[in-house]
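Read-outs: derived from the displayed coordinates by stated rules, not from any lab. Everything numeric in this text was worked out from a predicted model, so none of it was measured. Cβ coordinates were reconstructed from backbone atoms using ideal geometry, including for glycine residues, and neighbour counts include every protein chain displayed.
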Amino acid sequence: MPTDATTTLENPGDTSPGADPQTALETALIRLADRSDAEIAAGLADLGLDRCARALLREIVDRARLFPEPPVATAVEVRLRLGEERSVYTVTLGGGAHKVTPGPAEAARARLAQDLLEFLRAVYGAPGRHDATRELHITEPDRPVLDPADPEHTERAAAVTALHQLAGALARPQRSLNELAVHFRSDKWGGHWYTPHYDRYFAQLREGVVNLLEIGIGGYDDPDQGGASLRMWKHYFPRGLVHGLDVYEKRGIAEPRLFPLRGDQSDPAYLAGLAAERGPFDIVIDDGSHLNEHVLTSFEALFPHLRPGGLYVVEDTQTAYWTGWGGNDRDLNDPTTSMGFVKALVDGLNHQERTPAQDGPVSPATRWERGIGAVHVHHNLVVVEKRVNTEQGAPAWVPRDVDPRSWYTAPERSE
Ligand SMILES: C[S@@+](CC[C@H](N)C(=O)[O-])C[C@H]1O[C@@H](n2cnc3c(N)ncnc32)[C@H](O)[C@@H]1O
């Protein structure tokens, strides 16, 4: 296997829809992890063992950040094997270092060895224990170390902590969404209280291969700022591909399985291109400009690219009532506001029960009524479920325009 320099992202932040080898490799590995042993071995050989091993280690190093780390940079030697092939990497954790380098670790006290095939399943496979071929080792001092102030003692403790970080990340612990929001400083919990709602709808997708797009990365015109919620989603969905879209350049926040894209949510042609390259999506979240016009344009452009069963979320719908944002605080059914549009979607749920006469002027929302199975409305948050909605209405013979109490004799009231 090649011995190139320290691994960095191969494509740090593609800024437009298009070919992206990093996305392609991570997607391939995620999908490969569910296959048979023979298929995985052939797939890894096809993709390149070293490339795959480094991509998996990058992912694990990234997940390891959720665990307590040693106070100083500490090396762990990782040995991966596939058939007769052996490869060795040094993973450095602690003291702000999170990196993967090819080759053995000089004087590393901690070691992890595992079959690459099982390692892949541990990182991206279906949930379960994938550690039967894993060996963990700490090199012990060659003399008694009883004094906690002895540097040998400190070094050993650092090696144990770093190894625990790696093994812990491989075990894929499920952190709650609230905890992840707080960890990554997303205001989706604290300020807003969205994460409990999100968890209610997303929990069932958590272990799936989820393709997510969030409009609005955060940090506005600072290219290195933002991405709090994208990191939260990435760790919530360990097999997820997380795309972030922002009108500003956000190249600096790219990391494994997190792809910042630059584009305008009010540009339907751009969104169509993005969806063609990166979609279909399982989840789309609109946390972008919150201008009502943009919210509707993005929905119209992206909802068709949501998979059946997918969820489209609009945040911060308070702007539906803010006139400066294109909202309307007088006509609460104004179809040009996000909430006016959502209310029309709610009526659309019962489209089989309405007569053309009741519809009045055709609302833009009616075009979606056969493809929306549920609309969940919370304070400032709307979740739309894409699902066939052709449940039949009440039988045609039931008169719609007659008071049903005229059909029978109402029981006498006892005073
Ligand atoms: C509220 S922040 C997103 C916060 C982020 N989702 C989080 O929870 O951490 C809104 C972002 O939307 C971006 N934005 C504003 N107008 C936009 C547009 N027309 N298209 C895409 N992004 C836009 C802003 O640059 C800003 O970074």
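Where the centroid of each part is defined by its Cα atoms, how far is the stretch 200-255 from the stretch 273-324 in Å?
14 Å
Treating only the Cβ of Lys, Arg, Asp and Glu as charged (+1, +1, -1, -1), what charge dipole size does the stretch 21-170 show about its Cα centre? Round to the nearest 20 debye.
Computed about the Cα centre, the dipole is about 320 debye.
From zero up to wherever the largest Cα-Cα distance of the chain sits, split into 10 Å bins and tell me the percent of pairs in each.
4, 19, 26, 20, 14, 8, 5, 2, 1, 0
Kindly work out what percent of the DSSP beta bridges joining two residues of the chain are antiparallel, to the nearest 5.
55 percent
With the chain treated as a Gaussian network of Cα nodes joined by springs under 10 Å, which of 123, 398, 247 yields the largest mean-square fluctuation?
In this elastic network of the chain, the residue with the biggest mean-square fluctuation among 123, 398, 247 is 398.
Which residue, chosen from 407, 139, 243, occupies the Cα position most advanced towards the positive end of the dipole of the chain, where the dipole is computed from +1 (Lys, Arg) and -1 (Asp, Glu) charges on Cβ about the Cα centre?
Farthest along the dipole direction, towards plus: 139.
Could you please rank 153, 351, placing first whichever residue has the fewest other Cβ atoms within 10 Å of its Cβ?
153, 351
How big is the antiparallel share of DSSP beta bridges in the stretch 21-170, given as a percent to the nearest 5?
Here the antiparallel bridges make up roughly 75 percent for the stretch 21-170.
Most mobile of 281, 184, 237 per a Gaussian network model of the chain (Cα springs, under 10 Å)?
Of the options given, 184 has the highest mean-square fluctuation.
Could you work out how far the C-alpha centroid of the stretch 68-96 sits from that of the stretch 367-400, in angstrom?
52 Å
So who's got an amide H within less than 5 Å of the one on residue 94, skipping anything under 5 residues away but keeping other chains? H placed 1.01 Å off N, in plane.
Under 5 Å from the amide H of residue 94: 74.
Contour minus end-to-end for residue 65 and residue 154, with contour as 0.36 nm per residue of separation and end-to-end as the Cα-Cα distance?
Here the segment from residue 65 to residue 154 would lengthen by 30.0 nm.
Of 43, 295, 178, which is farthest towards the positive pole of the chain's charge dipole, taken about the Cα centre with +1 and -1 on the beta-carbons of Lys, Arg and Asp, Glu respectively?
43
Do me a favour and compute the ellipsoid semi-axes for the stretch 21-170 from its Cα gyration tensor, root of five times each eigenvalue, largest one first, whole Å.
They are 30, 15, 13 Å, listed from largest to smallest.
About the Cα centre of the stretch 177-386, how large is the charge dipole given +1 on each Lys and Arg Cβ and -1 on each Asp and Glu Cβ? Please answer in debye to the nearest 20. Present the calculation step by step, with values, prior to reporting the outcome.
On the way: 19 positive and 29 negative charges, 138 e Å.
Roughly 660 debye for the stretch 177-386.
Dipole of the stretch 281-337, Cα-centred, from +1 at each Lys and Arg C-beta and -1 at each Asp and Glu C-beta, to the nearest 20 debye?
So the dipole magnitude of the stretch 281-337 works out to roughly 140 debye.
So what is the calculated 222 nm ellipticity per residue for the chain, using -39500 (n - 2.57) for each DSSP H run with n of 4 or more, over all residues, to the nearest 500 deg cm²/dmol?
-9500 deg cm²/dmol
Over 28 Å between C-alpha atoms is what I'm after, so list which of 188/343; 250/343; 99/234 land there.
Over 28 Å apart, Cα to Cα: 250/343.
At a Förster distance of 56 Å, what's the computed FRET efficiency of residue 133 paired with residue 376, Cβ-Cβ distance as r, to 0.05?
Calculated transfer efficiency: 0.80.
Given 168, 339, 93, which one lies farthest toward the positive end of the charge dipole of the chain, if we put +1 on the Cβ of every Lys and Arg and -1 on the Cβ of every Asp and Glu?
Ranked along the dipole, the leading option is 168.
Considering the chain as a Gaussian network with a 10 Å cut-off on Cα pairs, which listed residue, 404, 144, 260, attains the greatest mean-square fluctuation?
Answer for the Gaussian network model of the chain: 404.
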